[in-house]
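S.K.: Attaching a single structure in C-alpha cells format; questions to follow.
Please treat every number below as a calculation from the coordinates, not as lab data. These numbers were taken from a predicted model, which means no experiment stands behind them. Using ideal geometry, Cβ is built from the backbone for each residue, glycine included, and neighbour counts are taken over all protein chains shown.
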There are 2 protein chains.
Amino acid sequence: MNYKFSKRIENLKPSAIREIFKYAADPEVVSLSAGNPSPDAFAAKEIGEICANIFKEKPIEALQYSVTEGYAPLRSYMLDYMKKKHGIGRDFDDILMTSGAQQIMELTTKALCDEGDVIICEEPSFIGSLNSFRSIGAKLLGVELEPDGMSIEKLEDALKNTKNVKFIYTIPNFQNPSGVTTSLEKRKAMYELARKYDIMIIEDNPYGDLRYEGEDVKNIKSFDEDGRVIYSGTFSKVIAPGLRVGYTVAPSAVLKKMIVAKQGEDVHTTILSQMICYEFLTKYDFDANLDMLRSLYRKKARFCMDLLDKYVVPTGITYQPIQGGLFIWCRLPEGTDMPDFCTKAVKEHKVAVVPGTAFLSDENGTSDYFRINFTTPSDEKLEEGIIRLGKFAAEYLK
Amino acid sequence: MNYKFSKRIENLKPSAIREIFKYAADPEVVSLSAGNPSPDAFAAKEIGEICANIFKEKPIEALQYSVTEGYAPLRSYMLDYMKKKHGIGRDFDDILMTSGAQQIMELTTKALCDEGDVIICEEPSFIGSLNSFRSIGAKLLGVELEPDGMSIEKLEDALKNTKNVKFIYTIPNFQNPSGVTTSLEKRKAMYELARKYDIMIIEDNPYGDLRYEGEDVKNIKSFDEDGRVIYSGTFSKVIAPGLRVGYTVAPSAVLKKMIVAKQGEDVHTTILSQMICYEFLTKYDFDANLDMLRSLYRKKARFCMDLLDKYVVPTGITYQPIQGGLFIWCRLPEGTDMPDFCTKAVKEHKVAVVPGTAFLSDENGTSDYFRINFTTPSDEKLEEGIIRLGKFAAEYLK
C-alpha cells in the first residue's frame with residue numbers, strides 16, 4: 001500500500017548524521033561520532049551484585065507493573081538529594097522518573113506545545129532533543145550560543161518578536177555539542193527574561209556532574225521562585241545509559257500532565273532499572289564513583305586535547321578547550337565545505353566525526369563546525385582517529 | 001505562574017477510573033480493578049539466574065547505549081518465532097522492540113496521524129490505548145463490539161461516512177475490557193474493509209497466548225498481503241510487565257518512521273530487559289512457562305466465575321463466560337446508575353471494580369458495565385471481594 005505519514009514525522013528527516021553513522025559502522029572506521037560513556041565508566045561488578053540482591057529480596061516488585069510516577073524510594077531519595085546537593089526543589093515541585101532524559105523533552109513538549117508552537121533553543125543544540133520537539137510538531141527557533149551561553153540580547157529579540165513561544169531549552173553545563181557552560185549572569189538573565197515574557201525553561205543537565213576542571217555554576221532551577229523551570233537529570237552518564245533512567249524536578253502542576261502523557265507512552269519506566277539506581281545511590285559510594293568518572297574523563301579529555309594540539313590545530317582547525325562533558329567542538333577555517341570534509345573523513349580516511357549542521361534548529365543551515373567525542377574510543381583508537389583526522393585535514397585544507 | 005497546557009493534554013482527563021484507584025489504594029479495599037499478572041506467574045528464580053549470567057558474560061552490553069531498533073539477537077529470534085508459530089511477517093515487514101506494547105500505540109499514532117485524524121476502535125476498548133491516541137490529538141470513533149467482534153456493518157458505515165480515518169484499532173483476542181474474541185470471519189471482513197477504504201489496522205494482541213479454553217483463531221496479520229497491519233505483541237503477560245518490553249511486526253516503511261519517533265522518545269528500550277527476554281526465550285522452556293500460565297489462569301478464571309455464579313449472578317448482574325485473558329465484563333441490570341454503583345462499592349463496601357465508562361471512546365457516554373480482574377488478587381482476596389460485591393449488589397439492586 002501507499003503509506004501516508006503525519007506531517008510532523010514526514011518533516012523529521014534523519015539527515016546527514018545518519019549517513020555518517022552508516023559509514024561509522026564499518027569496523028575499520030574510528031568513530032569519534034558517538035556520545036557513549038567509556039566502557040571503563042561502568043560499575044559493572046557492583047550493578048551485578050545489586051541485581052542478584054534484588055532477585056533475592058524483592059523479585060516480584062522488580063517484575064510486576066509499577067506506578068507511572070516512578071519507584072517511590074528512588075523518587076523520595078532523589079528529591080532529598082537534589083535539595084541538599086543543588087538547592088533544587090520547592091514546595092510547588094515534585095519529581096517524576098522517566099525513561100531517560102530524552103523522554104523529559106518529549107513529555108514536556110506534549111504537555112505544553114500545540115502544533116506550531118515555538119521552542120527557543122541554543123544554536124547549535126543537542127539533536128536528540130531537537131528531534132523530540134519536532135516530533136510533536138513544535139517549531140524551533142535557534143538563538144546564537146556565545147562562549148558564555150546564549151546571547152541574551154538575541155534571546156530578548158526573539159522573545160519580543162515571536163508569538164507562541166512556550167519554553168526555552170538550555171543545556172547550561174558542557175553543552176552538547178559545543179562544550180559551552182553558561183555563566184551565572186546569563187543563567188540569571190535567562191530566568192528573568194522567561195519571567196518577563198511568562199514562559200518556561202527546560203534546564204537539561206546530563207553532564208553537570210562531569211566537571212573535571214573549574215568551579216560548578218548554580219543551576220537555573222535553584223533560583224526558580226515561580227515554578228517556571230523544568231529540571232532534567234539522568235543516570236545515563238553517571239550510572240549507565242542502557243538502564244534508561246532519567247528524572248525531572250518540576251512544578252507538580254506540570255508533572256501531573258506529563259504523567260498522564262507518560263501513561264500513554266510506556267506506562268512506567270523499567271522498574272528493575274529504577275531499583276538498580278536506588279540501590280547504587282544508597283548502598284554504594286556514589287560520590288566516589290563520580291570522582292572515578294571525573295578522573296577518567298579528565299585524563300581522556302587532556303589526552304584528546306593534546307592530540308588535537310599536536311595533529312589537528314596546525315592544519316587550521318580550532319577548538320575551545322573544555323572543562324567537562326563528553327564533547328569537543330572543532331571549527332574548520334571559514335569557507336571550508338564542512339559536509340564534504342566530514343563525508344570524506346569517514347569515507348576515505350576512516351574517521352567519523354559529526355557535522356555541525358546536525359545540531360542546527362534549521363537543518364538546511366550552514367556550519368563550519370564538527371563535533372568529536374573522546375569518551376567512547378579507547379586511548380589507542382582515539383590517538384589513531386585524531387592522527388587520521390590531522391593527516392586528512394592537512395591535505396584537505398592545504 | 002499560570003500554566004497553559006496543550007489542547008491535546010488538556011482534553012486528557014484522568015476521569016472516574018482515577019477516583020476508583022484512589023480508594024483502591026486503601027489496604028482494606030479488595031481490588032478487582034487492576035490488570036496485573038498474578039505474582040505466581042513470574043519465573044523469578046530463572047530471571048534472577050539470567051541476570052547473574054548477563055552480568056558475568058556481557059555486563060558492558062547490558063549497561064551501554066544500544067540501538068533504537070532493539071537488541072539484535074532478540075529481534076531476529078522473534079521475527080523467526082512469529083513467522084513459524086503464527087505465520088506472521090512477510091518480506092515487506094520488519095520488527096521493532098518497544099518499551100511495552102503501550103509505546104506501539106503511541107508511535108503508530110505519531111507516525112500516521114495529524115491532529116484531528118480519526119482512529120476507529122472497538123466500543124468499549126482498552127483505556128491505555130485510547131489515552132495514547134488522544135495524547136497525540138487523534139479523534140476516536142467507537143464501533144459497537146458484538147459477542148464475536150466489532151459490528152462489520154457499523155464499521156463500514158463509519159468508514160463510509162468519516163473523513164481522515166487512519167487506522168482501525170482492534171484487540172482480537174480476549175479483548176480488554178470485554179473478554180470478546182473476534183471470529184475469523186470478522187477478522188477477514190475487517191481486513192477487507194481496511195483494504196477497500198485503504199487504511200491500516202493495529203492488531204493489539206497482549207492476551208493471545210493466554211487462551212485456556214477453545215481453539216486459537218488466526219491473527220489478522222497472518223493474512224496481511226498488502227502491508228496494512230501493524231501487529232503489536234508484548235512480554236508483559238508472558239514474562240513480566242515490569243521489564244517493559246513489547247515488539248511490533250509491521251511494514252518496514254512504517255517502522256522506519258516509528259524508529260525516528262522512538263529516538264526522540266526514549267532512544268531505546270532498556271537493554272537489560274531485552275537481554276533478559278532473549279535469554280528466557282532461548283535458554284529456558286518458554287512453552288512450558290506458557291502452559292504453567294494457562295493452567296494458573298484457567299484455575300483462577302473458573303474459581304472466579306464459580307464465585308460470580310454463586311454470589312453475584314443471583315442479584316441480576318450478568319457476564320459472558322471467558323476463554324482467556326485477564327478480565328470479566330459484568331453487566332448491571334438496565335437502568336442501574338453504574339457510576340454510583342462502582343463508587344459505593346469501593347467507598348462503602350471496600351471492593352474496587354472499574355466502571356465501564358472508562359473504556360468508551362467518548363468518556364461522557366454511558367455504560368451498564370463494569371470490569372473485574374481475577375489474576376492480581378490471591379484466591380482468598382478474590383473470594384472475599386466477590387462476596388462483598390454480591391452482598392452489596394443484592395442490597396443495591398433490590
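S.K.: Could you list, in sequence order, all residues of the stretch A:309-326 that are more than 19 Å from the chain's Cα centre (by Cα) and surrounded by 22 or more Cβ atoms within 10 Å (Cβ to Cβ)?
M.R.: A:VAL312, A:ILE317
S.K.: Under 6 Å by Cβ, and 6 or more places apart or on different chains, what pairs join a residue from the stretch A:152-164 that is within 23 Å of A:GLY137 (Cα to Cα) with one that is assigned to a loop (DSSP other than H, G, I, E, B)?
M.R.: A:LEU159/A:TYR197; A:ASN164/A:ASP117
S.K.: Determine the pairs where a residue that is within 8 Å of another protein chain (Cβ to nearest Cβ), located within the stretch B:129-150, has a partner that is among the small types (Gly, Ala, Ser) and part of a loop (DSSP other than H, G, I, E, B) with Cβ atoms under 7 Å apart, the partner being 6 or more residues away or on another chain.
M.R.: B:GLY137/B:GLY116
S.K.: What are the residues in the stretch A:48-69 that are closer than 13 Å to A:GLN274 by Cβ, within 32 Å of the chain's Cα centre (by Cα) and more than 7 Å from chain B (Cβ to nearest Cβ), if any?
M.R.: Selection gives A:ILE50, A:ILE54, A:GLU61, A:VAL67, A:THR68, A:GLU69.
S.K.: While we're here: Could you tell me how many of the residues in the stretch B:234-279 are at the interface with chain A (Cβ under 7 Å from one of its Cβ atoms) and within 19 Å of the chain's Cα centre (by Cα)?
M.R.: Residues flagged as at the interface with chain A (Cβ under 7 Å from one of its Cβ atoms) and within 19 Å of the chain's Cα centre (by Cα) within the stretch B:234-279 amount to 5.
S.K.: Still on this model: Would you confirm whether any residue within the stretch A:304-320 is touching a Ser or Thr at 6+ places or on another chain (Cβ under 6 Å) and among the acidic types (Asp, Glu)? Before the answer, list the steps.
M.R.: Within the stretch A:304-320, the subset touching a Ser or Thr at 6+ places or on another chain (Cβ under 6 Å) is none.
No, the stretch A:304-320 contains no residue that is touching a Ser or Thr at 6+ places or on another chain (Cβ under 6 Å) and among the acidic types (Asp, Glu).
S.K.: Would you say B:GLU334 is of a type outside the set (Ser, Thr, Tyr) and touching a helix residue (DSSP H, G or I) at 6+ places or on another chain (Cβ under 6 Å)? Talk me through it step by step, then tell me what you get.
M.R.: Values: of a type outside the set (Ser, Thr, Tyr): yes; touching a helix residue (DSSP H, G or I) at 6+ places or on another chain (Cβ under 6 Å): no.
No, not satisfied.
S.K.: Output the qualifying pairs, or none if there are none: Cβ atoms under 6 angstrom, residues six or more apart or on different chains, first residue in the stretch A:260-277 and over 14 Å from A:VAL245 (Cα atoms) and touching a residue at least 40 places away in the same chain (Cβ under 8 Å), second residue of a type in the set (Ser, Thr, Tyr) and buried (at least 24 other Cβ atoms within 10 Å of the Cβ).
M.R.: A:ALA261/B:SER135
S.K.: Still on this structure, please answer the following. If I go through the stretch B:116-128 residue by residue, how many of them are within 14 Å of the chain's Cα centre (by Cα) and within 12 Å of chain A (Cβ to nearest Cβ)?
M.R.: Qualifying residue count for the region: 3.
S.K.: Right, here's the next one. Return a yes/no flag: does the stretch B:105-115 have any residue that is of a type in the set (Val, Ile, Thr) and away from chain A (no Cβ under 14 Å). Break it down stepwise before answering.
M.R.: Narrowing the stretch B:105-115 to residues of a type in the set (Val, Ile, Thr): B:108-109.
Add one more test, that the residue is away from chain A (no Cβ under 14 Å), and what stays is none.
Scanning the stretch B:105-115 turns up no residue that is of a type in the set (Val, Ile, Thr) and away from chain A (no Cβ under 14 Å).
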